[in-house]
Structure formats: structure tokens, C-alpha cells
Amino acid sequence: MKSSNLEQYIRYIELDRDNVPSFSEYPFNLPAIRELRSLSFHPKVTFIIGENGSGKSTVLEAIAVAYGFNAEGGTKNFNFTSRATQTDLHNYLRVVKGTKMPRNGFFLRAESFYNFASNVDDLDREMPFGPPLIETYVGRSLHEQSHGESFFAVFLNKFSGSIRNFMDWNPWRRLKQIRFAFRQIYGHHPAGHGKSRTFGTGGY
Ligand SMILES: Nc1ncnc2c1ncn2[C@@H]1O[C@H](COP(=O)(O)OP(=O)(O)OP(=O)(O)O)[C@@H](O)[C@H]1O
Ligand SMILES: [Mg+2]
């Protein structure tokens, strides 16, 4: 069912099936995409859950790119590529937005988080003037923080306020961390407080 809540940043996405070149080629041959017509977003949080390899990341990455994010993650201002693995699925997705615009957003792509951290360091090295970018992530290089600390640095600094978040992060063994992070950001419930909207995937 398509969301009629006009206040959502993204109400739903549609696959332009008529123009898909072939449903027998990757990524359109993945069952999750072959059957896809439209996908509604929940007003608060939308989760995509499925088995490993079922196509969650492929779908989420295409939505994030269609929405204007860098395929390898970060805010909309990031534009780095370490390896061109993205599909052209985003060219066939229509993102139906609501009337409100988010102030900012973040695509947390766990798979390329290391490259994102390197890019923050590179940008600060290349642009020695003005406040360092890393100040907006707790002030210490994400590479000098533990895996968990660096994720929290992003959660706590980028996942609040009027923002649209995309999160591709398999919560396997990390449920405690996620619960903690959501409690920090939203209060007691992931869909609870504030205006931020999250769209995430999880494998098992
Ligand atoms: N370049 C490619 N060519 C063909 N198939 C690919 C390519 N890249 C990925 N795939 C396949 O696409 C499928 C979907 O991958 P995707 O990363 O979207 O899965 P996922 O649901 O996010 O899995 P996980 O839970 O492990 O993160 C997988 O079966 C994968 O092998
Ligand atoms: Mg995945």
C-alpha cells in the first residue's frame, strides 16, 4: 500500500518496470527486484529484513543513490568511489517524496565505512582551512576509534534532527549496540522521538 502521509520525506518508491532492460540480468533478476513494483516507507522507521544475498543492500543502495547520496555512503556532500560496484537500478527507481524536506541525511553503509572514514581524513588533509570535517564526528579520526566507537560517533552526531537516514548495517551480534544507539537518539523506541527518519536493512 502506498503511503499517503504527505509529511514523510519519502513516501514510497516505484520501479519503472516498463523501461527495465531485462529481468533476466543482474540486478533485475534478483527475486526481490523481479517482483518489485512499489515499496512504501513507514512514517518512522522502515526495515528490510531478509536472508544473506537476498538483495537488501542492492535495493537500499539504489534508493540512496536515487535520493542523491553517494553510493559508498556519507552525507550528500560526499563523492568518493573506492570501487565502482553500484548497479544502475537507481536509474529505474522513482522516489516519491512528501512535502517536507529534510535538513540533512546520512547513508551509513557498513561495507564501505572504512573508505568513508579515510575520505573524511583525506578531505581534512586536502583542505587545511576552516573547521576540520572530523569535528562533526567527535573530533578524532574515525580510524583512531574502535569499530563500535566510530559507528557511535556517526550515530550520535549525524542521526538526529530533521534528517533522512539510510542504514545498511547487518545487526548480527550487534543488537545491544543498536538498542543503545537508538535509545541515545530517539529515547526509548527507535520510532519514538524527534523528526529523523530511518530506513535500514538487516540480514541474518
Ligand atoms: N556484480 C554482481 N553481479 C552479479 N551478482 C551480484 C553482483 N553483486 C552482488 N551480486 C549478488 O546479488 C545478490 C544480492 O546481494 P546483496 O548484497 O544485495 O545482498 P544482501 O541481502 O544485502 O545480503 P547480506 O545480508 O549478506 O548483506 C547476492 O546474491 C550477490 O551474490
Ligand atoms: Mg547487505
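One table, with the values for the structure above:
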read-out	value
Segments classed as strands (runs of 3 or more DSSP E), wholly inside region 39-113, with at least 1 members that are polar (S, T, N, Q)	45-50, 104-109
Checklist (1) over 22 Å from the mean Cα position of the chain (by Cα); (2) closer than 12 Å to residue 97 by Cα applied to residue 5, failing item	(1)
Set 123, 108, 133, 142: member being touching a strand residue (DSSP E or B) at 6+ places or on another chain (Cβ under 6 Å) and hydrophobic (A, V, I, L, M, F, W, C)	108
Some residue of region 122-131 being under 20 Å from residue 82 (Cβ atoms), at pLDDT 75 or above and among the aliphatic types (A, V, I, L, M)	yes
Answer residue from region 64-97, given it is among the charged types (D, E, K, R) and closer than 23 Å to residue 155 by Cβ and is surrounded by the fewest Cβ atoms within 10 Å (Cβ to Cβ) among those	76
Options 51, 61, 25, 35: the member that is in contact (Cβ under 8 Å) with a residue 24 or more places away in the chain, loosely packed, with under 12 Cβ neighbours inside 10 Å and within 16 Å of ligand 1 (Cβ to nearest atom)	51
Evaluation of residue 14 against (1) in contact with a Ser or Thr (Cβ under 7 Å, 6 or more places away or on another chain); (2) surrounded by fewer than 16 Cβ atoms within 10 Å (Cβ to Cβ); (3) assigned to a loop (DSSP other than H, G, I, E, B) (one fails), failing number	(3)
Answer residue from region 141-184, given it is crowded, with 16+ Cβ neighbours inside 10 Å, basic (Lys, Arg) and more than 16 Å from ligand 2 (Cβ to nearest atom) and is modelled with the lowest pLDDT among those	164
Subset of region 38-48 (residues that are away from ligand 1 (no atom under 16 Å from the Cβ) and either within 29 Å of residue 79 (Cβ to Cβ) or touching an Asp or Glu at 6+ places or on another chain (Cβ under 8 Å) (or both))	38, 41, 43, 45
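The values are calculated or read from the model by the stated rules, or taken from the named source; none is laboratory data. Being a predicted model, the structure only gives us computed values, none of them experimental. All Cβ positions, even for glycine, are placed from backbone atoms using ideal geometry, and neighbour counts span all protein chains on display.
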